[in-house]
Structure formats: structure tokens, C-alpha cells
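One structure is given below, encoded as C-alpha cells.
The values are calculated or read from the model by the stated rules, or taken from the named source; none is laboratory data. For clarity, every value in this text was computed on a predicted model and none was experimentally measured. Here the Cβ positions follow ideal geometry from the backbone for every residue, glycine too, while neighbour counts run over all protein chains shown.
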Amino acid sequence: MCSHYQAPANPNIYKSAFDVEPPSNLGRQDVWPSYSAGFIRRHPHTEVGDDAVPDREALTGLFGMVPHWAKDTNGSKYTYNARSETVAEKPSFRDAWRKAQHCIIPADAFFEPDWSSGRAVPTMIQRVDGQPMGIAGLWSSWKAGDGQTVYSFTMLTINADQHPLLKTLHKPTDEKRMVVILPQERYGDWLAASAQDSGDFLQPYPADLLNASTPLGRPQLF
């Protein structure tokens with residue numbers, strides 16, 4: 001499960017890598033649950049036929065889903081990942097899944113614990129080519145007491161027991177999990193996909209396109 005990642009600090013990355021204007025507020029770069037960070041969704045008016053309306057938009061939201069029925073935003077500390085196997089059933093996620101409220105979370109890297117030494121060593125996962133990752137997620141909106149709309153998002157995860165890289169991380173006794181990293185050419189398809197087609201995108205990212213670096217800065221290629 002991913003509870004810590006690095007969001008792009010350069011607003012130009014949104015345009016060059018994700019073909020979208022950056023959000024007015026990029027949020028945090030070092031992101032943990034309940035922190036504000038950028039995410040990308042399909043523009044709600046993209047089907048009106050107006051060429052001036054872009055296909056997608058970037059917003060700032062909380063890392064951790066806040067469903068529309070929540071009493072406050074405190075639950076975002078625990079809803080930052082949605083298991084693909086149960087996302088359609090869990091109350092915090094099922095409405096966003098049913099409505100296909102897909103989003104992309106831009107990330108330069110994410111962190112997982114390496115327990116091979118017998119203790120947790122934070123390990124940074126990045127793309128080998130140095131490009132940012134587009135992580136598949138779901139978004140939601142919530143109305144605060146003052147009428148303000150608060151956006152939030154969660155990362156979708158899949159089993160990684162057979163993944164050459166991610167299976168080496170986490171405690172030996174724990175199930176191995178990984179976030180869904182989308183191929184760049186499928187960003188638009190994911191944002192436009194129906195709920196029925198969502199499962200087609202929940203695939204492991206090739207291990208040879210990723211590397212892992214320890215705090216000592218030594219890359220591990222897989």
C-alpha cells in the first residue's frame with residue numbers, strides 16, 4: 001500500500017507529461033495521507049461540444065477519499081488506497097467507482113518499506129526514464145459546513161505477489177500490493193472509461209521500467 005509519494009514540484013510537468021494546465025495550487029510535494037496535492041480528472045463539461053472546453057482538468061484535493069456522506073474530512077487519513085478487489089463494495093469508494101470518477105495522480109516517485117534487512121528501510125520507486133508516473137485513482141467531492149467544495153482522491157492498488165520488484169518490499173508475512181501505474185498513452189482512455197471497463201486498466205507496471213533506490217542513493221534495477 002502506498003501512503004507516501006512525491007508530487008511534481010514543477011507546474012510545467014502537468015502540461016508536458018499529462019497534457020493539462022496545472023492546478024492553481026500544486027499542494028504539497030512530499031505527500032502523506034490527508035495532505036493536499038494535485039490530481040487530474042476528465043473535465044465535467046468535455047462532452048458539450050465546445051472546443052474551448054479541455055478534455056481534462058487538474059485540481060487540488062486531499063490524499064485520502066472523503067465520500068460525499070462523510071461528516072468531516074478526518075477519514076482521509078485511512079482511505080488513501082482502494083483495493084481493486086473490494087473497491088466496488090467498500091462504502092468509502094463504491095459511489096466513485098460506480099460513477100467512474102477516475103483520476104490520475106501525478107507522482108515523481110512513491111515510497112515502500114524494504115524489510116530485507118529485518119527492519120523497514122524507506123525505498124523510493126521511480127520510472128527508469130525519469131519521467132513522472134500517472135497513478136490510477138478515484139476522486140470525490142464533499143461539501144463542508146461553510147458550503148466549500150473539498151475534493152479528495154485515492155490510489156487504486158492491485159496484488160503484487162508476482163511482481164519482480166514490488167514482491168521484494170513490505171514485511172515477508174504481508175500480502176504484496178502495488179499502485180496502478182498507467183501507461184502514458186492510456187491516460188485519456190482511463191479518464192473516459194466506464195465503470196464496466198475500469199478493471200481492464202488495473203494491470204501491473206513492467207518491473208524493468210522501474211527502479212528502486214535506498215536512502216544511500218544506490219539504484220536497484222529489476
Notebook entry, point to check: Any chance the range 121-132 includes a residue that's outside any strand (DSSP E or B), hydroxyl-bearing (Ser, Thr, Tyr) and modelled with pLDDT under 95?
Noted result: no
Checked the range 7-23 for anything closer than 12 Å to residue 58 by Cβ and either part of a strand (DSSP E or B) or in contact with a Leu (Cβ under 9 Å, 6 or more places away or on another chain) (or both); matches are 7, 8, 11, 14, 23
Over the range 162-193, the set of residues in contact with a strand residue (DSSP E or B) (Cβ under 6 Å, 6 or more places away or on another chain), assigned to a helix (DSSP H, G or I) and modelled with pLDDT under 95 is 166
Residues in the range 133-161 that are assigned to a loop (DSSP other than H, G, I, E, B) and on the phi < 0 side of the Ramachandran plot total 6
Residue pairs qualifying under the 6 Å Cβ cut-off, at least six apart or on distinct chains, with the first in the range 132-161 being more than 17 Å from residue 93 (Cβ to Cβ) and the second being among the β-branched types (Val, Ile, Thr) and buried (at least 23 other Cβ atoms within 10 Å of the Cβ), are 134/104
Of (1) farther than 28 Å from residue 174 by Cα; (2) of a type outside the set (A, V, I, L, M); (3) in a loop (DSSP other than H, G, I, E, B); (4) at pLDDT below 95, residue 47 satisfies every one except (3)
The residue from 54, 33, 91 that alone is at pLDDT below 95 and in a loop (DSSP other than H, G, I, E, B) is 54
